């Protein structure tokens, strides 16, 4: 029997890309899901996977502490997966206050409700590799300082520290995730390089690289990510109060990534990358990727789906659903 059979989980951000994959995985394993939706956005991952009818959807904001407290108490929430955030870097730079409200005040409102909620047994909070900012030595490990200074990055530093503060001060059963870049079916944010490139290529348009093509990043397939979230929650007795990195261990340059997508989509000779910048910009982090040795040692977790296979699956999904996206 699945660990999650008949357990009740609250997933914030379930209408988003990663949250929807976690919700889908939980539903498939027999869990009862409550999710929070702030805006009634038509193009969302939850509806793409057609699982809205299999869960309870509550409309509201994370910043509303009384709502968080009510949800946890009335639905007798046992597990919380906190992924809701204003996650667009460009939007964060333009509007830092709304980002800080959602990502910082929203986090401590939820965590306080978890702290006083008598039914909550496990909480997984999404930080980010962006919280690390820039370090000279790669890959980044969990003991590196959190140097994120741009608005989104700083909001994730605060989320990360707040979560671990509740765990250490109040013994709240919380664990923190720091993931590399995530991709896979259902991502509706076309400003991200993988879905944006795939859709452009499938439409016969030249994909745009919003850099000089040389920055190197790590990418993880969504199924590996969902599996990691569930493992952390299941093993909260040994993960509580800790932060865990997750990455594939195979970083790739942006130009190479786009060329790979073109090849796997069978569009070589038909489209080519349009490199937006011919020189590096000062704010661009040249290389950023994570070491996941701790996750391997403590959880026995490692990424199972390599980039080529993950991209094939992702391209197939977008090809089948292209009419929804154009």
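Every number here is computed from the coordinates shown, using simple stated rules; none is lab data. In this text, all values refer to a predicted model and were calculated from it rather than measured experimentally. Here the Cβ positions follow ideal geometry from the backbone for every residue, glycine too, while neighbour counts run over all protein chains shown.
Values for this structure:
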item	result
With 5 Å bins from 0: P(r) over the stretch 45-163, alpha-carbon pairs, percent	2, 11, 18, 19, 18, 16, 10, 5, 1, 0
Proxy reagent accessibility, fewest Cβ within 10 Å first, across 225, 57	57, 225
Acute angle (nearest 10 degrees) that the helix 254-264 long axis makes with the longest principal axis of the chain, alpha-carbon atoms	80
Three-way shape call for the stretch 207-326 based on the alpha-carbon gyration tensor, with the a/c threshold at 1.5	oblate
Rounded, prolate or oblate (a/c below 1.5 giving rounded, otherwise prolate when a/b exceeds b/c) for the stretch 27-81 by Cα gyration tensor	oblate
Whole-angstrom gap from the stretch 176-228 to the stretch 11-79, using each part's C-alpha centre	23
145, 165 arranged by Cβ crowding within 10 Å, fewest neighbours leading	145, 165
Principal-axis tilt of helix 151-170 within the chain, Cα atoms, nearest 10 degrees	30
Between helix 106-116 and the chain: long-axis angle, C-alpha atoms, 0 to 90°, nearest 10	30
P(r), alpha carbons of the chain - 20 Å bins starting at zero, rounded %	32, 60, 8, 0
Rg/Rh for the stretch 156-279, where both radii come from Cα atoms and Rh is the Kirkwood radius	1.10
Exposure proxy order (Cβ contacts within 10 Å, fewest to most) of 152, 144	144, 152
Whole-number percent relative contact order across the stretch 117-227, with pairs defined as alpha carbons under 8 Å at least 6 apart	25
Helix-only CD estimate at 222 nm, as mean residue ellipticity for the chain, using -39500 (n - 2.57) per DSSP H run (n ≥ 4)	-11500 deg cm²/dmol
Relative contact order, percent, the stretch 150-294 [alpha-carbon distance under 8 Å, six or more residues apart]	34
Cα gyration tensor, the stretch 112-157 - rounded (a/c under 1.5), prolate or oblate	prolate
The chain: relative contact order as a whole-number percent, Cα under 8 Å and 6+ apart	17
